[in-house]
Amino acid sequence: MSWFSIPFRLQSNENQLDSELRFHLEEQVRANIRQGMDPIEARREAALEFGGIEQIKEECRDQRRGIWLENAFQDLRYGAKSLLRSPGFTIVALMTLALGIGVNATMFSILNTIYLTAPPFRDPQRLVTVFYSTQQSPFWPFSPANFADIRKQNTVFEELAAFSGSEASLGETGKPAELVRALSVTANFFPMLGIQPARGRFFTPDEDTDLHGDLVVVTNGFWKRRLAGDPEAIGRPIRLDGSPATVIGILPPSFDDPLVWGRTEIWRPLGLGAKGWQVRNSAWLSGLGRLKPDTTLERARAQMNTIAARLAHDFPADDAQSTIGVFPNEQTRHNPAAERMAWLIQGLTFFVLLIACVNLANLQLARGISRSREYAIRLALGSSRRRVLLQGLMESLLLSIAGGALGLLVAHWGNVAIGGRIDVNGVSGVDLPLNWRVVGFLFAVTAITGGFFGIIPALKAARTDANAALKPGARGTMANRRQQRLRTALVASELVLALALLTGAGFFVEGTWRLVHLDFGWDPKNILTGSLGLPYSRQYDDPHCREFAERLQQKLAALPGVNRAVISAGPLPWGVSGAGDFGIEGRNPPLRINEEMAYFNDVTPGFFSATGMHLVHGRDFSAGDRPDSPRVVIINEAMAKRFWPGEDPVGRRIGSSDPAHPDWKLVVGVVNDVRNPGDLVHAVTGFRIYSALGQTASHRLAFVLASASDPRALGEAARRAIAQIDPDVAVFGLETAEKRIQVLTENYSLVGSILTAMALLGLLLASIGVYGVTANLTAQRTQEIGIRMALGAQSRNILGLVLKASAAATMLGIAAGAATNAVSTKGSVSILSDLGIV
């Protein structure tokens with residue numbers, strides 16, 4: 001009986017029950033009439049004696065339900081005994097299921113934690129990120145004046161807050177200063193997110209001025225680590241940038257999630273003041289808004305376009321041709337190409353589970369063939385085919401539940417191992433919890449898996465020919481041709497899935513390897529690098545910043561083991577301190593931010609040779625490039641080819657895009673192109689402009705120490721040398737350039753490792769499947785092989801006979817796998833192309 005006939009069978013049972021009850025009622029009526037009652041009285045007495053038909057029906061149904069539950073319990077008990085009688089099969093099946101289900105749950109845990117879990121904010125679906133949008137990037141910051149105009153003129157936002165990232169030097173008595181990540185925010189920032197302080201309070205509108213920069217809110221992690229979890233920490237002073245600051249509030253623990261704000265530990269009021277909000281030619285603010293309940297994203301974008309056009313008309317020198325982008329907050333938190341890659345990896349992980357299911361279905365079929373006589377006896381003794389079918393499904397369900405329980409353990413181990421290697425927003429190690437969504441996913445996969453690999457063997461068991469199986473001399477363990485074809489098809493499907501998995505994983509592994517081992521255009525070997533920030537509160541003006549950089553270079557160059565010490569404004573391995581528009585002399589109109597964008601860095605002489613870069617043309621910076629000498633710059637090859645194709649750019653001038661203040665600088669050299677490791681957003685080389693640090697000033701400095709031996713030994717000496725200049729200046733990121741690159745590319749290396757492990761696991765499972773089917777078919781033909789050998793067959797003939805059976809399934813799988821490989825290859829190449837590594 002098929003599953004489709006069950007509803008009709010149940011309806012037939014109901015009709016039979018109704019007919020039977022009415023038959024007994026009519027019999028009682030006739031008996032009463034024979035006793036002398038008139039027909040009406042006889043029916044009334046029969047109904048009273050018999051009771052309500054519907055009530056009796058319900059009692060019968062309850063009895064049948066009890067029988068069904070009893071049967072289900074018996075099937076489970078029988079299935080458990082059957083599995084215990086086959087320990088080899090049971091162990092292999094449980095391990096296969098545990099691995100297949102466990103790796104899928106681990107991959108889903110990553111997707112759930114990074115991409116599916118909403119941030120801990122009030123109504124996060126109404127939060128949007130607001131940026132200036134240009135041709136180079138849809139995520140460009142605002143100037144304070146533009147942001148103030150947008151906040152005043154819009155009618156679509158319930159709240160619009162501004163924030164800007166920075167660093168702060170944290171000083172502790174008797175310890176070297178440490179740089180901590182800080183974020184400056186407007187006073188409405190936390191209320192807009194719906195966040196309440198765990199202790200203390202947040203900033204008030206009156207405190208959002210340049211007079212209250214000494215107030216801070218700290219994260220729960222900072223409170224526990226730096227303030228020892230002191231309940232009286234509110235009002236306690238800490239030393240930031242060489243000056244005291246007062247802790248007025250502590251954020252809840254949910255704000256420590258690196259997926260939300262990364263390494264940020266300190267929150268300050270933005271504190272621009274009345275004059276600060278009037279600045280329009282310096283863009284550095286990001287916007288976060290909450291849409292009104294009745295406002296759609298499309299309406300908000302339409303109004304922002306109107307405001308952008310108004311700003312472009314009123315302030316063409318700063319806002320011409322710019323637009324204002326409104327994006328869902330979730331969209332700006334994740335890289336779309338990386339998210340696509342994560343979902344494709346989850347799809348490839350399903351292939352492992354499918355291979356495992358097909359493998360188990362084949363093993364179940366092999367067991368079913370050997371148990372055909374058992375099924376025949378049960379059918380001959382009166383058991384229905386439906387009961388045999390349900391018993392087979394119960395056995396598979398029991399096996400899948402046990403495998404799912406073990407898979408939960410495998411998922412826990414996988415989450416701990418993989419979560420410890422994931423890097424998010426500069427924080428290494430992410431907690432991958434087995435929450436309700438992951439556990440629900442695991443149980444759903446477990447149930448589907450049990451039905452998937454159990455339905456075919458159960459149907460085969462229910463269709464056993466009892467007469468043929470019980471005949472004397474019947475070969476109950478021999479599969480018929482239809483069953484052999486089915487098993488051959490299953491083996492072929494295993495190979496198809498394995499080939500698709502190998503192809504997709506192979507492309508990704510190669511792509512991630514190329515991303516990790518890119519030629520960056522500079523040499524990270526034997527280089528120690530670190531960064532530091534000069535506190536603005538210490539009144540470091542431009543001359544003092546330049547003086548500090550010179551003293552820093554002299555002290556670091558004098559350290560034992562240092563071959564060369566150079567200073568830059570932008571830290572390695574990125575080597576940039578900022579980005580923006582520029583102008584080229586002779587081009588009218590000058591370049592605007594909407595047309596071209598360049599990355600800037602200020603470096604000392606010898607920076608290029610110390611980092612393994614090389615001058616293509618012109619000269620390097622020199623000690624003579626001082627503030628009172630002509631301003632000079634060096635550009636990269638990409639910029640030279642773009643703006644001076646076939647010409648010599650040396651001697652040309654580059655400046656700002658403001659015609660009123662061009663600030664021209666002379667191009668004195670061209671340096672080779674470089675690429676940032678692990679950069680998916682700017683995968684191709686951009687334009688770069690290097691300025692002489694002796695002619696500029698920067699509060700953010702980075703140093704590069706080149707050594708002939710292991711540079712890690714220089715770290716503590718470099719830290720002491722900086723403390724001698726100023727003990728309140730904190731050093732961070734003090735590590736080798738190779739280590740920094742390893743951290744930046746750790747996620748891609750992890751992806752390669754996961755895919756390699758999955759491909760090997762899928763190949764192993766497919767190999768076991770082919771071997772298992774071949775061995776089982778060979779065992780079933782033992783008598784035939786013996787007869788052939790008795791009749792003179794040689795070993796090579798028997799070998800060819802056995803290989804022929806497996807070769808058919810193998811060739812069929814390889815042929816069918818070609819089409820699947822094409823789809824897998826197309827998807828992999830598309831994503832790798834988005835990443836710029838194919």
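The values are calculated or read from the model by the stated rules, or taken from the named source; none is laboratory data. What you see is a predicted model; the values in this text were computed from it and never measured. Glycine gets a Cβ as well: all are built from the backbone with ideal geometry, and neighbour counts include every protein chain shown. To get the accessible areas, we keep the full protein, side chains included, count just its heavy atoms, and leave off ligands, DNA and RNA. Shrake-Rupley method; radii C 1.70, N 1.55, O 1.52, S 1.80 Å.
Selection of first residues in region 424-446 that are open to solvent by less than 20 Å² (accessible area, probe 1.4 Å) and of second residues that are of a type in the set (Phe, Trp, Tyr), restricted to Cβ pairs under 7 Å at least 6 apart or on distinct chains, gives the following pairs, ordered by first then second residue: VAL438/PHE108.
Scanning region 514-563 for residues that are acidic (Asp, Glu) and either part of a helix (DSSP H, G or I) or more than 42 Å from the chain's Cα centre (by Cα) (or both) yields ASP541, ASP542, GLU547, GLU550. If the condition is being under 19 Å from LEU97 (Cβ atoms) and modelled with pLDDT of 80 or more, then region 764-790 contributes only LEU764.
For (1) in contact with a Leu (Cβ under 8 Å, 6 or more places away or on another chain); (2) outside any helix (DSSP H, G or I); (3) surrounded by fewer than 22 Cβ atoms within 10 Å (Cβ to Cβ); (4) among the acidic types (Asp, Glu), each residue gets a yes or a no:
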position: ALA93; (1), (2), (3), (4): yes, no, no, no
position: THR96; (1), (2), (3), (4): yes, no, no, no
position: ILE101; (1), (2), (3), (4): yes, no, no, no
position: THR106; (1), (2), (3), (4): yes, no, no, no
position: SER109; (1), (2), (3), (4): yes, no, no, no
position: ALA118; (1), (2), (3), (4): no, yes, yes, no
position: ARG151; (1), (2), (3), (4): yes, no, yes, no
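Selection within region 616-636: residues that are in a loop (DSSP other than H, G, I, E, B) and polar (S, T, N, Q). The member of this set that is surrounded by the most Cβ atoms within 10 Å (Cβ to Cβ) is SER622. Across region 735-772, what is the total count of residues that are farther than 19 Å from ILE114 by Cα, among the aliphatic types (A, V, I, L, M) and in contact with a Pro (Cβ under 9 Å, 6 or more places away or on another chain)? Of the residues in region 735-772, 2 are farther than 19 Å from ILE114 by Cα, among the aliphatic types (A, V, I, L, M) and in contact with a Pro (Cβ under 9 Å, 6 or more places away or on another chain). Hey, does region 228-245 have a residue that's at pLDDT below 85 and at positive phi? Scanning region 228-245, I find at least one residue that is at pLDDT below 85 and at positive phi, so the answer is yes. Taking (1) at pLDDT 65 or above; (2) open to solvent by 30 Å² or more (accessible area, probe 1.4 Å); (3) not in a helix (DSSP H, G or I) in turn, LYS804 satisfies each apart from (3). Working only within region 741-750, note down all residues that are open to solvent by 20 Å² or more (accessible area, probe 1.4 Å) and either in contact with a strand residue (DSSP E or B) (Cβ under 8 Å, 6 or more places away or on another chain) or not hydroxyl-bearing (Ser, Thr, Tyr) (or both). Answer for region 741-750, where residues must be open to solvent by 20 Å² or more (accessible area, probe 1.4 Å) and either in contact with a strand residue (DSSP E or B) (Cβ under 8 Å, 6 or more places away or on another chain) or not hydroxyl-bearing (Ser, Thr, Tyr) (or both): GLN742, VAL743, LEU744, GLU746, ASN747. For region 189-203, a tally of residues being open to solvent by 30 Å² or more (accessible area, probe 1.4 Å) and either within 17 Å of GLY273 (Cβ to Cβ) or of a type in the set (Asp, Glu) (or both) returns 0. For region 257-293, a residue qualifies if it is part of a strand (DSSP E or B) and basic (Lys, Arg), and the qualifying residues are ARG268, ARG290. ARG280 meets all of the listed conditions (1) among the charged types (D, E, K, R); (2) open to solvent by 50 Å² or more (accessible area, probe 1.4 Å); (3) out of contact with any strand residue (DSSP E or B) (no Cβ under 9 Å at 6 or more places or on another chain) but one, namely (2).
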